[in-house]
Structures are given as structure tokens and as C-alpha cells.
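Peer 1: I have a structure I would like to understand better, so I am pasting it below and will then ask my questions one at a time.
The values are calculated or read from the model by the stated rules, or taken from the named source; none is laboratory data. Owing to the predicted nature of the structure, the values given are computational and were not obtained by experimental measurement. Neighbour counts are summed over all protein chains in view; Cβ atoms, including those assigned to glycine, are modelled from backbone coordinates with ideal geometry. The protein model used for the area step is the full one, side chains on, heavy atoms only, and it has no ligands, DNA or RNA in it. Shrake-Rupley method; radii C 1.70, N 1.55, O 1.52, S 1.80 Å.
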Amino acid sequence: MKKYNSIAIVGTQWGDEGKGKITNYFASRADYVVRYQGGGNAGHSIIYNNERFGLHLLPSGIFNTNVKNVLSNGVVIDLKGLLNEIEGLKKAGIVDISLFISDRAHIVFPYHKEIDALQEENRKSTIGTTKQGIGPAYTDKVARIGIRIIDLYDDDYLKEKLQENIEEKNRIFKAMKIDKKIDFEETYKFALEAREKIKHYVVDSSLLVFKALEKRKKVLFEGAQGILLCLDHGTYPFVTSSSPTSSSIPLNVGIPSYSISQTIGVTKAYVTRVGKGAFPTEFENEISKKIREVGKEYGTTTGRARRIGWFDVTLIKHAKRVSGLTGISITLLDVLTGIKELKIGINYTIGEHILESIPASERIYNDVKVNYVILPGWNENISKVKSFYDLPKNAKKYLEAIENYTGVPVVQFSVGPKKEQTINIENIW
Ligand code: GDP
Ligand code: IMO
Ligand code: MG
């Protein structure tokens with residue numbers, strides 16, 4: 001079997017684990033960074049030249065001029081959002097953008113976002129989506145009525161498909177007595193303008209990435225969201241509409257199943273969640289408020305306050321099984337400084353029964369009881385440490401406990417939002 005030079009970066013919890021920061025860290029040594037799923041729902045914060053950038057669609061390799069950044073077939077692309085993002089970077093002086101967009105990627109049109117918002121408004125139990133049109137765009141893809149990047153360059157086909165789609169959406173609005181009408185001419189005009197602006201980025205990205213792997217180029221696959229938000233293996237229905245697992249990469253990029261050499265699970269030193277859904281280790285008190293403020297736990301895409309919970313071992317065991325993890329990178333360890341006692345949820349029980357995995361039913365999951373171990377915290381400022389050995393004793397013990405309970409080696413940790421605040425325990429690349 002071929003051994004390619006690739007790493008998948010996946011979030012192991014409910015998103016916002018610091019994937020952007022870690023991808024940007026590895027990107028300085030990479031040739032390619034490939035986003036393989038999701039769309040503008042992602043919000044990846046990166047500090048570059050002391051400035052904070054929030055990337056939604058652009059891969060986190062974009063700050064490295066030597067890196068080729070790819071949006072593969074599995075991504076859904078909001079053209080307006082993408083063009084705004086490119087413009088924003090250019091305004092900040094980042095003009096040398098090396099971007100490749102799959103000709104097979106599906107497009108998120110403004111109507112997908114409007115439908116997303118309307119669906120949320122009309123749901124008895126809301127999901128708490130980012131309203132970026134993700135669900136409706138993937139729905140159209142699965143229903144085989146989606147419009148792909150390649151379709152932008154076939155006038156007759158584009159016109160016919162867009163007209164058909166818009167008429168269908170308008171019929172649904174009318175039937176549901178929703179006072180909304182999507183304007184075909186406006187949408188079509190925008191599509192024609194956007195296609196000119198992106199045409200030099202469009203490629204067969206499956207071929208591009210495959211050739212790169214074959215040439216033993218260093219390829220990073222950047223996940224969006226987290227394993228627990230996976231459409232198949234997450235906490236359904238409070239999930240996103242794609243699969244962030246590393247097992248979804250071959251399909252979502254168009255490369256062989258043996259393409260992933262390592263999978264690094266980016267894992268917060270505690271847990272956060274935005275939007276609705278069960279969250280067994282969630283707590284709300286002075287400590288969670290402190291974590292929220294110190295960790296700046298507010299959504300990059302929506303600005304919503306993130307819910308806070310203690311470290312949950314069962315989530316990582318789940319991620320290890322459904323996605324495969326060769327190592328974990330613990331982020332935001334510095335945020336726990338000054339907390340007297342740190343809790344780690346080691347398993348779940350229902351009644352007398354210890355669970356081996358996460359229940360499929362959200363209702364049952366809501367009722368699990370978490371068993372915790374309590375570890376002593378530390379007070380020393382760790383934001384400048386340069387090695388595992390520099391950490392205070394109790395911080396070392398915390399990382400060791402995570403490794404022992406999850407059964408996954410902690411290969412890296414992070415003590416601040418900057419790239420330099422990333423410490424390898426093992427040599428990864
Ligand atoms: P992503 O969606 O997984 O890329 O994560 P987000 O960017 O949405 O959220 C992670 C947040 O934590 C961002 O504000 C990062 O700047 C910040 N961050 C990442 N790593 C660290 C760390 O080790 N310490 C601290 N204090 N902040 C971090
Ligand atoms: P990154 O890549 C955290 C959540 C939403 C909602 C659910 C469905 O920054 O980690 P969607 O808009 O995808 O239909 O929303 O998924 N969600 C995220 N939560 N981080 C993300 O991305 C998320 N992307 C979607 O809050 O609960
Ligand atoms: Mg995020």
C-alpha cells in the first residue's frame with residue numbers, strides 16, 4: 001500500500017477546537033491545504049502578523065505563500081462569502097493567494113441562506129444553525145438539483161437549472177404562505193459576475209490532490225466542525241449536514257481510501273458547544289464564565305456565546321473509533337490556569353449501566369449521568385512554555401490523564417492563540 005505524506009486535522013468535539021490555528025501551524029511545512037467539507041458555517045480564527053483573521057471558506061494555509069489551498073468537491077461554496085473573504089485578505093495586504101476550487105463543488109446561493117433562516121424560524125425545536133445555507137445546499141446536492149461550480153460556465157444549463165430551482169423554492173414559499181419571492185434575474189446576474197471572478201481558481205481538484213500525493217508532496221486536510229457534529233456519527237439531529245471525519249476525506253476529495261497517513265484530533269482542554277443539543281459535561285457557574293471570557297468563547301461565525309463543559313473522555317473515544325486518531329493536539333490549555341480543581345468526565349452511566357458508547361438517541365443522551373475524576377489545577381502562567389517539561393506538575397498530570405483515559409497519544413499542546421504557542425510532544429511532520 002502507498003504511504004502518502006498527509007495529515008488530516010479533525011475536530012474531535014463539537015467544533016471550535018482550534019483547527020484553524022493548528023492547520024496554520026502545520027501549513028508552514030505543507031505544500032497543500034485542502035478543505036474537504038462544510039462551508040461558510042466554519043469559523044477558523046488565526047493570528048497572523050498580530051492580527052486576528054476569521055476564515056470561513058478559505059483554507060487555513062492561505063497565509064503561507066508556498067501553500068496551494070484547495071476547496072474540494074465536498075465543500076459547499078457561498079460565492080459571495082468567498083469573494084468577500086478574498087477581498088478582506090487583500091485589504092489586509094495578503095494579495096498572494098494560491099487557491100484552487102473544485103469544478104464539482106456545489107454552490108450555496110443566497111436563497112439557501114434564506115431557506116436556512118426560515119426553516120429555523122419555523123422549527124418547533126430549532127437546531128441553532130449558523131444560517132449559512134449549509135443544510136439547504138447539501139439537501140439540493142443529495143436531491144440532484146444542486147448547481148456546481150462547473151455549471152457556472154455552461155450558459156444554457158445554468159439558466160435552466162437556476163430557473164428551475166428558484167421556481168421550485170418560490171412554489172414552496174407560496175404553498176407555505178411565506179411572504180418571500182426569490183428573484184431569478186438578480187441571482188443569475190450575480191452568478192455571471194462571480195464566475196468571472198473565480199474562473200482562474202477552478203480545477204479538477206481530485207486530479208490535483210492525487211498528483212500531489214503521488215509526488216509525495218505534504219498535504220494537509222483541514223476539517224471543519226467536529227466529529228460530534230457529523231451527519232452520520234454526531235448527535236443527530238443537532239449536527240451539521242456533512243461529515244467532518246477523516247474517513248470522509250477520500251470521498252470528499254476524490255482520492256484513494258489509503259490517502260490519510262496520520263489523523264490529528266484537535267481537542268480543547270475542556271469542551272464547548274454552540275447551538276442546541278445534548279451536552280453531558282456542560283456546567284454554568286463562575287468557572288464556566290471565567291473560561292468563556294479567558295478563552296474568548298464566542299462564535300467566529302455568529303458571535304454566539306459558546307456553552308462550556310468539562311473535558312469528556314467519551315467524546316474522544318468516539319472520535320477515535322469513527323474517524324481514527326493517530327494523536328491528539330490539546331488546545332487552550334492555558335485557559336484552565338487558575339482553576340483550583342479540574343474535572344474530567346471519564347464515562348457515562350444510565351442507572352447502574354456503564355455505557356460503552358454515545359447513545360444514538362438524543363433523548364437518551366440527554367439523560368446520561370457523567371462520572372468524573374477530579375484533578376488539582378495549577379496557577380502558573382503557562383503561555384510561554386516551550387516544552388512539555390516546562391509545564392507545572394499538575395498541567396503535565398492533566399495531559400497524562402487525558403492520554404491515559406482516551407487511549408490516544410497527546411502529541412501536541414497549545415498554550416495561546418499564536419502559532420508560536422504550539423508545542424510538540426512528539427515530532428509529527
Ligand atoms: P476552529 O473553528 O476549530 O478553528 O476554532 P475557532 O477559531 O472557532 O475557536 C478557537 C479559538 O481559540 C480561537 O479564538 C483561537 O484564536 C483560540 N485559540 C486556539 N488555540 C488556543 C490556545 O491554545 N489558547 C488560547 N487561549 N486560545 C486559543
Ligand atoms: P468550526 O469549523 C461550531 C453547529 C451550529 C449548529 C449545527 C448546525 O468553526 O468548528 P449548520 O449551520 O452547520 O447547519 O449548523 O452545527 N456548527 C458549528 N459549531 N463550530 C463550527 O465550525 C460549526 N459549524 C456548524 O452551531 O449547532
Ligand atoms: Mg470555529
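Peer 1: If I filter the range 31-61 down to residues being open to solvent by 10 Å² or more (accessible area, probe 1.4 Å) and of a type in the set (A, V, I, L, M, F, W, C), which single residue comes out as farthest from ligand 3 (Cβ to nearest atom)?
Peer 2: The selected residue is Ile47.
Peer 1: If you go through the range 353-393 one residue at a time, how many are farther than 24 Å from Gly295 by Cβ and under 29 Å from the mean Cα position of the chain (by Cα)? It would help to see each step written out before you state the result.
Peer 2: Taking the range 353-393 and keeping what is farther than 24 Å from Gly295 by Cβ, we get 353-369, 371, 389.
From what's left, under 29 Å from the mean Cα position of the chain (by Cα): 355-369, 371.
Number of matching residues: 16.
Peer 1: Separate question: Please verify whether Ile350 is under 18 Å from the mean Cα position of the chain (by Cα), over 15 Å from Trp14 (Cβ atoms), at pLDDT 95 or above and away from ligand 3 (no atom under 16 Å from the Cβ), treating the condition exactly as stated.
Peer 2: Spelling it out, it is not the case that Ile350 is under 18 Å from the mean Cα position of the chain (by Cα), over 15 Å from Trp14 (Cβ atoms), at pLDDT 95 or above and away from ligand 3 (no atom under 16 Å from the Cβ).
Peer 1: Within the range 177-198, can one find any residue that is small (Gly, Ala, Ser) and either surrounded by fewer than 17 Cβ atoms within 10 Å (Cβ to Cβ) or under 30 Å from Ile260 (Cα atoms) (or both)?
Peer 2: No: zero hits.
Peer 1: A further question follows. Just give me the residues in the range 149-175 being open to solvent by 80 Å² or more (accessible area, probe 1.4 Å) and touching a residue at least 24 places away in the same chain (Cβ under 8 Å), in sequence order.
Peer 2: Passing the criteria: Tyr153, Lys159.
Peer 1: Given the criteria more than 14 Å from ligand 1 (Cβ to nearest atom), over 25 Å from Gly338 (Cβ atoms) and either polar (S, T, N, Q) or touching a Lys or Arg at 6+ places or on another chain (Cβ under 8 Å) (or both), does Asn404 qualify?
Peer 2: Numbers: more than 14 Å from ligand 1 (Cβ to nearest atom): yes; over 25 Å from Gly338 (Cβ atoms): no; either polar (S, T, N, Q) or touching a Lys or Arg at 6+ places or on another chain (Cβ under 8 Å) (or both): yes.
Against the criterion (more than 14 Å from ligand 1 (Cβ to nearest atom), over 25 Å from Gly338 (Cβ atoms) and either polar (S, T, N, Q) or touching a Lys or Arg at 6+ places or on another chain (Cβ under 8 Å) (or both)), Asn404 does not qualify.
Peer 1: Something else now. Looking at (1) more than 24 Å from Ser247 (Cβ to Cβ); (2) more than 16 Å from ligand 1 (Cβ to nearest atom); (3) surrounded by 20 or more Cβ atoms within 10 Å (Cβ to Cβ), which one does Glu85 not meet, given that it meets all the others?
Peer 2: Glu85 satisfies all of (1) more than 24 Å from Ser247 (Cβ to Cβ); (2) more than 16 Å from ligand 1 (Cβ to nearest atom); (3) surrounded by 20 or more Cβ atoms within 10 Å (Cβ to Cβ) except (2).
Peer 1: Let me ask another. Exactly one condition in (1) under 25 Å from Asp312 (Cβ atoms); (2) crowded, with 24+ Cβ neighbours inside 10 Å is false for Asn24; which is it?
Peer 2: Here Asn24 meets the rest and fails (1).
Peer 1: Scanning the range 215-244 for residues that are within 20 Å of Phe311 (Cα to Cα) and more than 9 Å from ligand 2 (Cβ to nearest atom), which turns out most open to solvent (accessible area, probe 1.4 Å)?
Peer 2: My answer is His233.
Peer 1: Within the range 95-103, is there a residue that is open to solvent by less than 30 Å² (accessible area, probe 1.4 Å) and part of a helix (DSSP H, G or I)?
Peer 2: No: the range 95-103 contains no residue that is open to solvent by less than 30 Å² (accessible area, probe 1.4 Å) and part of a helix (DSSP H, G or I).
Peer 1: Might you check whether a residue that is touching a residue at least 40 places away in the same chain (Cβ under 8 Å), at negative phi and of a type in the set (Phe, Trp, Tyr) occurs anywhere in the range 138-145? Step through it out loud before you land on a result.
Peer 2: Filtering the range 138-145 down to residues touching a residue at least 40 places away in the same chain (Cβ under 8 Å) leaves 138-139, 141.
Applying the additional criterion that residues be at negative phi yields 138-139, 141.
Filter once more, keeping what is of a type in the set (Phe, Trp, Tyr): 138.
Looking for residues that are touching a residue at least 40 places away in the same chain (Cβ under 8 Å), at negative phi and of a type in the set (Phe, Trp, Tyr), one finds at least one in the range 138-145, hence yes.
Peer 1: Another question about this same structure. Only residues that are open to solvent by less than 10 Å² (accessible area, probe 1.4 Å), under 20 Å from Ile22 (Cβ atoms), part of a loop (DSSP other than H, G, I, E, B) and touching a Phe, Trp or Tyr at 6+ places or on another chain (Cβ under 9 Å): list them for the range 245-284, please.
Peer 2: Passing the criteria: Ser259, Ala269, Tyr270.
Peer 1: If you scan the range 128-142, which residues turn out to be of a type in the set (S, T, N, Q), out of contact with any Lys or Arg (no Cβ under 8 Å at 6 or more places or on another chain) and near ligand 2 (Cβ under 8 Å from one of its atoms)?
Peer 2: Residues satisfying the conditions are Thr129, Thr130.
Peer 1: Among the residues in the range 316-338, are any modelled with pLDDT of 95 or more, surrounded by fewer than 19 Cβ atoms within 10 Å (Cβ to Cβ) and farther than 20 Å from Ile227 by Cα?
Peer 2: yes
Peer 1: Here are Tyr348, Tyr389, Tyr372, Tyr298: which of them is open to solvent by less than 20 Å² (accessible area, probe 1.4 Å) and at negative phi?
Peer 2: After ruling out the rest, the residue left standing is Tyr348.
Peer 1: Moving on to the next point. Hey, can you tell me all the residues within the range 405-429 that are modelled with pLDDT of 95 or more and either more than 26 Å from the chain's Cα centre (by Cα) or among the acidic types (Asp, Glu) (or both)?
Peer 2: Selection gives Glu420 alone.
Peer 1: Kindly evaluate Ile287 against the criterion of being crowded, with 24+ Cβ neighbours inside 10 Å, modelled with pLDDT of 95 or more and away from ligand 2 (no atom under 16 Å from the Cβ). Lay out the reasoning, then the answer.
Peer 2: Values: crowded, with 24+ Cβ neighbours inside 10 Å: no; modelled with pLDDT of 95 or more: yes; away from ligand 2 (no atom under 16 Å from the Cβ): yes.
So Ile287 does not fit the description; no.
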